[in-house]
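Values quoted throughout were computed directly from the atomic coordinates according to the rules given, and no laboratory measurement underlies them. Everything numeric in this text was worked out from a predicted model, so none of it was measured. FYI the Cβ positions are ideal-geometry reconstructions off the backbone, even for glycines, and counts take in every protein chain you see.
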Amino acid sequence: MTRLPAWRLLADLRHRGARVGADDGRVRLKALAGVLSPEDRETIALHKAGVLEQLQLEERLLNQKLSEFQRSGCPLEIEVPGLNVTIWFVPQEEDAEKLAAEGIRRGRIWTAAELLNLWQGGYSDAEVLDIARVKLKFSGEVVDVRRDAPTKQPEPTQTPLDLGDKPPREFD
């Protein structure tokens, strides 16, 4: 049996719909009947130490403040209900560039700065999901997020038209 990196094993299990967690030094699995084979359970047992270490790392990263993640995090691939692809959270723009060089569309990559900008907007979960879909669609970057409607712009100053002696025409 070949040894797999724990992150790859977890990614495979999650892709198949299994939920994997840790509890008091034990690997906990939840999956629909038929999702996990006896071989899967054997592989998990073989890689238990690595799986537990990976789960602890994931928990630590997911519990960081975004400002901490921006300083010392590592790229995270995230599955989001409602999106048909995974997205990536990365600490810095350089990390986004590395993933883009691997062929991952920039629209799937969110830097910590983009996430900070988005969360400060006070959006609902549904609005954030909509913004993520737009970002994916256009493979864009979030440059700015403004929650409040723009302040009313002053009316442009216009030079009155010379209409001669004809009264202005009214339209319905």
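What FRET efficiency would be calculated for the residue pair ARG28, ASP125, taking the C-beta separation as r and a Förster radius of 30 Å, to the nearest 0.05? Could the numbers behind the result be given before it?
On the way: r = 26 Å, r/R0 = 0.88.
Efficiency for this residue pair is about 0.70.
Under the rule a/c < 1.5 gives rounded, and otherwise a/b versus b/c splits prolate from oblate, where does segment 6-62 land using the Cα gyration tensor?
It comes out prolate by the Cα gyration axes.
Compute the convex hull volume of the Cα atoms of segment 66-138, divide it by the residue count, and report the result per residue in Å³ as a whole number. Working shown, then result.
Working: hull volume 6.2 nm³, N = 73.
In segment 66-138, the Cα hull volume divided by residue count equals 85 Å³.
If I model a spin label as a point 7 Å beyond the Cα along the Cα-Cβ vector, how far apart are those points for ASN84 and GLU102 in nm?
In this crude spin-label approximation the distance works out to 2.3 nm.
Rounded to two decimals, what ratio of Rg to Rh does segment 34-84 give with C-alpha atoms and a Kirkwood Rh? Walk me through the intermediate numbers first.
Details: Rg = 14.9 Å, Rh = 13.4 Å.
Ratio of gyration radius to Kirkwood radius for segment 34-84: 1.11.
Of the cross-linked pairs LYS98/LYS135; LYS48/LYS98; LYS65/LYS137, which ones have a Cα-Cα span greater than 26 Å in the structure shown?
Pairs exceeding 26 Å: LYS48/LYS98; LYS65/LYS137.
What is segment 1-148 by shape, rounded, prolate or oblate, if you read a ≥ b ≥ c off the alpha carbon gyration tensor as root eigenvalues and call it rounded for a/c under 1.5, prolate for a/b larger than b/c, and oblate otherwise?
It is prolate, given that a/c is not under 1.5 and a/b is the larger ratio.
Counting pairs of alpha carbon atoms under 8 Å apart in space and at least six apart in sequence, what relative contact order in percent does segment 6-62 give?
It rounds to 36 percent for segment 6-62.
If you place +1 on the Cβ of every Lys and Arg and -1 on the Cβ of every Asp and Glu, how big does the dipole about the Cα centre of segment 6-62 come out, in debye to the nearest 20?
That gives segment 6-62 a dipole magnitude of about 140 debye.
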